[in-house]
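The values are calculated or read from the model by the stated rules, or taken from the named source; none is laboratory data. Nothing here was measured: the structure is a model prediction, and the numbers come from that model. Here the Cβ positions follow ideal geometry from the backbone for every residue, glycine too, while neighbour counts run over all protein chains shown.
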Amino acid sequence: MTAPRASSWAFHEEDSAKIHGVLHAFLRDASARTALLVDRAGQMLVTVGEPPAFDPTAFASLTAADFSANDQLARLLGEPEFGALFHQGERESLYLADIARRVILVVLFDNRTTLGLVKLRMKHAVPELTTIFTAMFDRDAGTTTRVDAEFVDDAEDELDKLFGS
């Protein structure tokens, strides 16, 4: 299954409040340090919790690339996708989860919590975030389609003028 076509979409104030509420509750309940949302194109969208001590632009790009590479590995194994990834370090770990096939939730945690607790709390946070993002994408899909169609029509008119058709 491929990710939906990339298109423009926007956070409204109420979307942002819902997203931040879910992420703050998740961090509290999971005893995790930081939650980040990255789009599949590698753009950092949201950071909640402890500010990360790394370059967020590079991190977002690497996260998107990591998730894309693992999608390909899943396909090689006959799986449609890996919905979650886990990277464990000596002191720091990452847990990544797919949100609505267009956003990646990244959780940074250390020895103050366990992988089991993070995974347990993700089972509640991921569906909540998926619902929020799906509603955003559905809301903005009609607007994006209309803008895209208008742009194509205008571009065709300009090309016709340019080439004398």
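Counting only strands (runs of 3 or more DSSP E) that sit completely within the range 60-117, those holding 2 or more residues that are more than 27 Å from Ala10 (Cβ to Cβ) correspond to 84-88, 93-99.
Taking the stated definitions as given, is Met1 at pLDDT below 95 and closer than 11 Å to Leu105 by Cα? Against the criterion (at pLDDT below 95 and closer than 11 Å to Leu105 by Cα), Met1 does not qualify. For the condition of a type in the set (S, T, N, Q), under 19 Å from Val126 (Cα atoms) and under 13 Å from the mean Cα position of the chain (by Cα), what is the one hit in Thr63, Thr34, Thr113? That would be Thr63, the only listed residue that is of a type in the set (S, T, N, Q), under 19 Å from Val126 (Cα atoms) and under 13 Å from the mean Cα position of the chain (by Cα). Within the range 25-59, the set of residues being part of a helix (DSSP H, G or I) and surrounded by fewer than 16 Cβ atoms within 10 Å (Cβ to Cβ) comprises Ala25, Arg28, Asp29, Pro56, Thr57, Ala58.
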